[in-house]
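The values are calculated or read from the model by the stated rules, or taken from the named source; none is laboratory data. All values reported here derive from a predicted model rather than from experimental measurement. Here the Cβ positions follow ideal geometry from the backbone for every residue, glycine too, while neighbour counts run over all protein chains shown. These accessible areas exclude ligands, DNA and RNA; they are computed on the full protein's heavy atoms, side chains included. Shrake-Rupley method; radii C 1.70, N 1.55, O 1.52, S 1.80 Å.
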Amino acid sequence: MRHIEHPVTPYLEMARLVHALDEELTVFESVPGWVGRAVAGVCSRRRYLALALGVAEGDLLSTMVRALRAP
């Protein structure tokens, strides 16, 4: 996971960085006009999504199916 400390604008600059980092899980610590941090790349890889949901990567599919059946 990468942490970008310097201010990054959400208009094109953030997308350019996410693309340059090959959609790696990235936390932007300072986004002008936004309160708090922004996270990108959560859904770019199964392991990142599993990490975000707090489940093992092997349990991701069954977790998603259960969530879709009982929202």
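Odds and ends about this structure:
- Per-region count, region 49-71, residues outside any helix (DSSP H, G or I) and in contact with a helix residue (DSSP H, G or I) (Cβ under 6 Å, 6 or more places away or on another chain): 1
- Taken over region 11-24, the residue count meeting the criterion of being under 30 Å from Ala67 (Cα atoms), assigned to a helix (DSSP H, G or I) and open to solvent by 40 Å² or more (accessible area, probe 1.4 Å) is 2.
- Considering Val31, Val27, Val8, Val42, the condition of being open to solvent by less than 70 Å² (accessible area, probe 1.4 Å), within 25 Å of Ala67 (Cβ to Cβ) and in a loop (DSSP other than H, G, I, E, B) is satisfied by Val42 alone.
- Test for Leu51: is it in contact with an Asp or Glu (Cβ under 9 Å, 6 or more places away or on another chain) and open to solvent by 80 Å² or more (accessible area, probe 1.4 Å): yes
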